[in-house]
1. If I fit a long axis through the Cα atoms of helix 399-429 and take the longest principal axis of the Cα atoms of the chain, what angle between them do I get, 0 to 90°, rounded to 10?
2. Amide H of Gln267 versus every other amide H placed in the peptide plane: which residues, excluding those fewer than 5 positions away on the same chain, fall under 5 Å?
3. Got a sec? What order do Glu478, Glu237 fall in by accessible area at 1.4 Å, biggest, i.e. largest, first?
4. Per residue, how big is the convex hull of region 391-503 when only Cα atoms are used? Give it in Å³.
5. Within the P(r) computed for the chain, what percentage of the Cα pairs occupies the region above 40 Å?
6. Translational diffusion coefficient of region 1-67 at 25 °C, 0.890 mPa s, Stokes-Einstein with Kirkwood Rh over Cα pairs, in µm²/s as a whole number.
7. If amide hydrogens are placed 1.01 Å from N in the peptide plane, which non-local residues have theirs closer than 5 Å to the one on Phe95?
8. Report Rg/Rh for region 441-542, rounded to two decimals, where Rg is the Cα radius of gyration and Rh the Kirkwood radius.
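The values are calculated or read from the model by the stated rules, or taken from the named source; none is laboratory data. Since this is a predicted model, take the numbers as computed values, not measurements. Note: ideal-geometry Cβ built from the backbone for every residue, glycine included; neighbour counts use all protein chains shown. With ligands, DNA and RNA removed, areas are computed over all heavy atoms of the protein, side chains included. Shrake-Rupley method; radii C 1.70, N 1.55, O 1.52, S 1.80 Å.
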Amino acid sequence: MKDKEFNLLDEPWIRVIDKNCSIHEISLIEVFRQAHRYKDLCGELPTQDFAMMRLLLAVLHTVFSRYDGKGKAAPLDDAEHALGRWKELWQSGGFPAEAITGYLETQRERFYLFHPERPFYQCERAKIGTEYYAAKLNGNLSESSNKPRLFTNISGKAKEEMDFSEAARWLLYVNAYDDTSAKPSGESKKQGIKLPSAGAGWLGKLGIVFVRGDNLFETLMLNLIMVNEKEELFGKECPVWEREEVAQGERTKIQWPNNLSELYTLQSRRIYLKREGQRVTGYYLLGGDFFDKENAFIEPMTVWKNPDRKKMNDYVPRRHDFSKQFWRECPAAFLNDNEGRQPGIISWMKYLEEEGMVENPCMDVRIVSVQYGDSNYFVTNVFSDSLQMHVSLMADMNYEWREMVLNSIEFCDNVSKKVWLLARDINLASGGSNSTKESKGTAAFFAENVKADYYNRMDRPFRKWLYEINPEMDNAEEEKVKWERECVHIARQLGNELMRQADTAAIFGRTKAGSDDRKSETYSAAGAMNWFLIGLNTIEKS
């Protein structure tokens with residue numbers, strides 16, 4: 001790159017949406033000046049928006065660990081000082097533009113998308129890596145050079161090239177969520193170096209959880225975690241643009257970062273954009289920095305799981321299951337137990353609530369995730385979900401309420417198992433295959449679809465029920481009974497529909513011949529319905 005061009009501080013490239021649902025592109029400096037006026041980020045994908053949010057948070061963590069709201073040098077001393085600074089910013093209702101702009105101006109040279117020495121988020125050595133066209137850079141397509149997608153919402157020139165603002169957004173996305181299709185460089189092969197797999201980009205490994213406010217300012221502030229779960233300050237902030245040298249190593253294992261700006265600007269990939277005139281036509285890519293994901297608790301925005309119960313204190317990030325609504329994952333997101341660990345962002349929200357820092361009683365918890373196929377070799381799906389609840393549900397003082405909500409989800413799961421058995425037995429009575437494989441045409445496959453239908457029907461009622469819960473009221477048992485009745489009512493409705501759809505022969509039943517070591521079994525829709533109703537009554541009384 002011969003010339004400096006497209007400085008992200010000044011050029012419009014960040015997509016936001018205002019309160020009238022109009023979309024705008026604004027600069028990095030402008031997004032901080034006007035954050036309180038915009039509703040949210042509004043990039044091409046929710047996963048891209050999250051990568052953008054992490055960049056913005058990295059700036060905020062760096063600035064407000066060193067300066068106060070007036071831009072005066074005032075490094076944080078302790079957790080109390082950090083909380084006071086957060087409270088001052090929150091109550092102001094908007095970011096102090098002078099403090100943020102003053103810092104960013106000192107880093108102006110590091111924010112050129114094209115620069116002869118330090119192009120933003122790029123490394124010229126990546127030229128020895130895998131070469132991709134623009135269609136792979138575009139996360140809406142993620143199209144490899146040798147396997148074009150048959151059906152896309154983008155075609156022609158839009159697939160072959162993109163403008164600088166769009167390329168800058170996807171640059172963040174690829175760094176965060178890239179798959180594992182890139183090969184080691186020819187240089188490493190010639191030297192006989194066997195490099196480890198860096199895996200998917202760091203954000204692609206996570207089950208991402210964050211909190212959304214009423215506007216972009218509130219969203220950034222609520223996710224601006226000033227102290228760790230031990231109520232201690234993080235290490236000295238060190239975002240990637242402050243490094244003296246650009247990291248060059250291919251597939252480099254590093255130590256866990258000890259500060260959030262370094263984590264949020266982690267270079268999972270070495271990338272170098274290709275351009276022709278005023279358009280980006282592709283990029284080069286190498287594997288970048290990675291670290292052990294086991295117990296990497298510096299990461300505050302993921303759910304965790306314990307893959308081996310024999311190792312009680314070992315946790316790894318747990319990706320979201322795109323086939324499940326987020327509320328069904330509540331135990332993983334909000335509880336600390338032998339199977340999972342509470343995300344740091346939830347602990348931070350509990351801390352804010354207990355300190356009386358958050359006045360809005362409702363919290364909008366959101367998730368985003370990328371689903372990969374074939375050992376993370378390609379992206380198959382991108383999805384997001386959200387859940388609104390009373391923020392005090394997270395407080396330790398409301399443990400009883402939180403347990404009630406989680407037990408209510410478990411109750412719904414138990415009812416769904418009865419629905420599954422009913423659907424399977426009715427399908428068998430209708431002549432379905434009794435193979436245990438959930439392949440198309442089997443009773444198990446039919447039952448899984450009916451179970452999914454049940455959860456879809458429960459989705460809206462649960463969200464409404466959770467949103468209306470007020471832990472300050474003394475009616476937990478009433479709310480529990482109310483929810484359980486709703487679960488059973490909808491299950492019975494679905495069961496009656498299955499019965500109406502069953503053919504006459506299924507009502508009276510069929511006998512399935514057994515194998516040499518199994519007896520013949522008789523299945524009837526009527527008998528299945530009786531057992532279903534008995535099962536629901538048993539669950540209700542337990």
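1. The answer is roughly 50 degrees.
2. Sorted by chain and number, the residues that satisfy this are Asp289.
3. Values: Glu478 130, Glu237 15 Å².
Descending accessible area places them as Glu478, Glu237.
4. Numbers: hull volume 11.6 nm³, N = 113.
About 103 Å³ per residue, rounded to a whole number.
5. Values: 48982 of 146611 pairs.
That tail contains 33 percent of the Cα-Cα pairs.
6. Working: Rh = 12.9 Å.
Once the numbers are plugged in, D ends up at 190 µm²/s.
7. Hits under the 5 Å cutoff: Ala35, His36.
8. On the way: Rg = 18.0 Å, Rh = 16.3 Å.
In region 441-542, Rg relative to Rh is 1.11.
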